[in-house]
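The block underneath contains the structure these notes are about, expressed in structure tokens.
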Amino acid sequence: MSKQILSSWGRVNQYEVETLALTSRFDDLSAADAGKTMLPYGNGRSYGDSCLNAGGTALQCRSLSHFIDFDPATGILICEAGVLLAEILEMVVPQGWFLAVTPGTRFVTVGGAIANDVHGKNHHVTGTFGCHVRRFELLRSSGEHLLCAPDSNADYFAASIGGLGLTGVITWAELQLRRIRSPWIDAETIRYTSLDEFFALSAQSDRDYEYTVSWVDCAGKGKSLGRGLFVRGNHAAVNPDQLYRPKTQTFPAVAPVSLVNALTLKAFNTLYYHKQIGKVSRQIQHYQPFFYPLDGLLEWNRLYGPRGFYQYQCVLPSQYGRAAVAELLQEIAASGMGSFLAVLKLCGDMQSPGMLSFPLPGVSLALDFPNRGADLHRLFTRLDSIVSTANGRLYPAKDGRMPGQLFRSGYPGWQGFSAYLDPRFSSSFWRRVVEDI
Ligand SMILES: Cc1cc2nc3c(=O)[nH]c(=O)nc-3n(C[C@H](O)[C@H](O)[C@H](O)COP(=O)(O)OP(=O)(O)OC[C@H]3O[C@@H](n4cnc5c(N)ncnc54)[C@H](O)[C@@H]3O)c2cc1C
């Protein structure tokens, strides 16, 4: 056991904790300090405090890194929960398989992907990561190893998918992968001029394209409000006659101040919106830049400077989504805050298996904000009120500040979920959102 400052991806939340590396899926948790609460820590790719437990013990799960079994005939993979999605892809893509669901970075662990029940660009057809988990093992602080599946400890299965690491440690999991014929994506980018066009493009594309997502210009006002670039794609049937040479760079150091400000934001967004000459651009793209454009610049979170940044991701039910997104974008553009990266996506109606899973049928908006202190928090309060009026909710994986009331109204299942909490597990996030009643 050692002491360490642990941080999450946004770098606003950093706490000193005791760390205990789990070295085997056969371990129990008796080596953890009996006087402290515990929380599993994957690869720290959550943005706020959901993967942190100030003053407690972080159970480091990256060291649960073994593959257990893979059947190339069925695409069923069993691996320990600290394996990264990147490591899975490296092994299975050459054998014609791919993850059924992937988030926008491949540097997350299987345990982290289950505990946040992550979603990706194909949510409208395949739902969340948890929809493709066949079973897993949950290690409780009592030393009990529970096998969880839809027909075995089904309540712990549902509580732990999207369960924010609070029900115990997932030691290994069995996943169903999907077949692909090549590692390439047949991709198209379409420039759109308004939210109406975004919704029309989504409705039309969601029928024929497995992957859809869009970048929206969060600095656009007036006639430019709601303009952006719509990206859609399918797995390509054949390998193009070209090799893929990955280009990865590392952001050199924490910038002395945030490099994202009102001037750089407006200039970047205008240039980015006009980056392609025609309205539509088509290309065959390797899966890495298509799914993980940000992974090409390692440690890009440093560009926000020493104060770090927040992400704000909400999902709004279909009937109120169009109007609420317009209101959110108006508030953000008027504030001059926001980031280069603003993502708008329709979520589908496939039910997540998890009790606290984030997506619901409707539209999701996500964007980063450099940490500007009180001004930013005032903007968040205005955004929260729009989300709450539209019966929407915020994503705990991206959150470091939502008021408890907003969490509890967005996730009415939280009280039922509480019955499955491991009595020795807790997180800074959980205490923040349930203890201010
Ligand atoms: C660039 C970027 C893009 C992203 N894009 C998306 C996206 O498109 N969609 C999306 O849904 N998310 C997205 N995310 C968020 C990210 O996918 C999730 O936060 C993910 O859960 C992080 O996994 P991790 O392994 O880093 O876990 P951590 O962040 O370390 O932990 C996440 C949660 O999992 C729990 N946990 C970790 N390991 C275990 C275990 N073995 N057993 C039980 N609980 C465990 C932790 O306690 C915590 O509650 C993105 C993040 C980044 C940085």
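The values are calculated or read from the model by the stated rules, or taken from the named source; none is laboratory data. Here the structure is a predicted model, which means the values were calculated and not measured. Using ideal geometry, Cβ is built from the backbone for each residue, glycine included, and neighbour counts are taken over all protein chains shown. Side chains included, ligands, DNA and RNA excluded: accessible areas come from the protein's heavy atoms. Shrake-Rupley method; radii C 1.70, N 1.55, O 1.52, S 1.80 Å.
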What is the dipole size for region 292-382, taken about its Cα centre, with +1 at each Lys and Arg Cβ and -1 at each Asp and Glu Cβ, in debye to the nearest 20? 200 debye
Please compute P(r) over all alpha-carbon pairs of region 101-207, binned at 5 Å starting from zero, and give each bin as a whole-number percent. 2, 11, 18, 19, 14, 11, 9, 7, 5, 2, 1, 0
Quick one: ranking Lys345, Lys247 by accessible area, 1.4 Å probe, largest first, what do you get? Lys247, Lys345
Determine ³J(HN,Hα), in whole Hz, for all residues of region 418-435 in sequence, where each value follows from phi through the Karplus function 6.51 cos²θ - 1.76 cosθ + 1.60 and θ = phi - 60°; x replaces Gly and Pro. 4, 5, 9, 4, 6, x, 9, 9, 7, 9, 4, 4, 4, 4, 5, 8, 10, 9
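Under the definition of Cα pairs under 8 Å and six or more residues apart, what whole-number percent is the relative contact order of region 4-123? Don't jump to the answer; show the numbers that get you there.
Details: 214 pairs, mean separation 26.5, N = 120.
Across region 4-123, relative contact order equals 22 percent.
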Just for the Cα atoms in the chain, what are the lengths along the principal axes, largest first, rounded to whole Å? 60, 52, 44
With DNA, RNA and ligands ignored, accessible area of Tyr209 (1.4 Å probe; Å², nearest 10): 50 Å²
In debye, nearest 20, what is the charge dipole magnitude of the chain about its Cα centre with +1 on Lys and Arg Cβ and -1 on Asp and Glu Cβ, if you could check? 1380 debye
Name the most mobile residue of Ala21, Ala100, Ala34, meaning the one with the largest mean-square fluctuation, in a Gaussian network model of the chain with Cα contacts below 10 Å. Ala34
Leaving ligands, DNA and RNA out of it, report the carbon-plus-sulfur percent of the accessible area of region 335-414 at a 1.4 Å probe. 55 percent
On alpha carbon coordinates alone, what is the Rg over Rh value for region 159-248, Rh being the Kirkwood radius? 1.12
Charge tally for neighbours of Ser224 with beta carbon under 11 Å away, counting Lys, Arg as +1 and Asp, Glu as -1, is +3
Determine the relative contact order of the chain: mean sequence separation of Cα pairs under 8 Å and six or more apart, normalised by residue count, in whole percent. 19 percent
What are the ³J(HN,Hα) couplings of region 94-103, residue after residue, when phi is run through the Karplus curve with 6.51, -1.76, 1.60 and θ = phi - 60°? Round to Hz, x for glycine and proline. x, 9, x, 10, 8, 5, 5, 9, 9, x
Among Gly56, Gly354, Gly416, the residue with the largest mean-square fluctuation in a Gaussian network model of the chain built from Cα contacts under 10 Å is Gly416
How big is the dipole moment of region 107-197 about its Cα centre under a simple scheme where the beta carbon of each Lys and Arg is +1, that of each Asp and Glu is -1, and everything else is neutral? Debye, nearest 20, please. 280 debye
Top positive-direction residue, dipole computed over the chain with Cβ charges, set Asn53, Gly308, His132: Gly308
Strictly over 21 Å apart at the Cα level, which of Lys223/Lys266; Lys275/Lys398; Lys279/Lys345; Lys247/Lys279; Lys221/Lys398 would you flag in this model? Lys275/Lys398; Lys247/Lys279; Lys221/Lys398
In terms of the charge dipole of the chain, which places +1 on Lys and Arg and -1 on Asp and Glu at the beta carbon, the residue among Ala86, Val434, Tyr273 farthest towards the positive end is Tyr273
Kindly provide the helix-only [θ] at 222 nm of the chain, computed as the sum of -39,500 (n - 2.57) over DSSP H runs of four or more divided by all residues, to the nearest 500 deg cm²/dmol? -7000 deg cm²/dmol
Size of region 302-437 as Cα extents on the principal axes (Å, biggest first): 43, 37, 26
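Restricting to the chain, what percent of DSSP beta bridges are antiparallel, rounded to 5? Kindly include the intermediate steps, with their values, before the conclusion.
Details: 69 of 80 bridges.
Roughly 85 percent of the beta bridges in the chain run antiparallel, per DSSP.
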At a probe radius of 1.4 Å, what is the per-residue accessible area of Arg179, in Å² to the nearest 10? 130 Å²
Scattering profile of region 231-283 from the Debye formula, Cα beads only, expressed as log10 I(q)/I(0) at q = 0.14, 0.24, 0.25, 0.29 Å⁻¹, is -0.76, -1.06, -1.07, -1.13
Write down the radius of gyration of region 230-371 and its Dmax, each obtained from C-alpha positions, in Å. 17.7, 47
Of Ile114, Ile78, which has the most accessible area and how do the rest follow, probe 1.4 Å? Ile78, Ile114
Determine the relative contact order of region 118-263: mean sequence separation of Cα pairs under 8 Å and six or more apart, normalised by residue count, in whole percent. 21 percent
Putting +1 on Lys and Arg Cβ atoms and -1 on Asp and Glu Cβ atoms, find which of Leu229, Pro246, Ala219 reaches farthest to the positive end of the dipole of region 214-253. Ala219
For region 256-307, the percent of accessible surface on carbon and sulfur atoms (probe 1.4 angstrom, ligands and nucleic acids excluded) is 67 percent
What accessible surface, in Å², does a 1.4 Å probe find on Met1, ignoring ligands, DNA and RNA and rounding to the nearest 10? 110 Å²
May I ask you to give the percent of accessible area on region 1-56 that is carbon plus sulfur, with a probe radius of 1.4 Å? 46 percent
Counting only heavy atoms of protein chains, what accessible area per residue, in Å², does the chain have with a probe of 1.4 Å? 40 Å²
Per residue of region 123-130, in order, report the coupling 6.51 cos²θ - 1.76 cosθ + 1.60 (Karplus, θ = phi - 60°) as ³J(HN,Hα) in whole Hz, putting x for Gly and Pro. 4, 5, 10, 10, x, 9, 3, x
Return the single residue from Thr57, Thr389, Thr105 with maximal mean-square fluctuation; model: Gaussian network over the chain, springs between Cα atoms under 10 Å. Thr389
Dimensionless Rg over Rh [region 1-87; C-alpha; Kirkwood]: 1.05
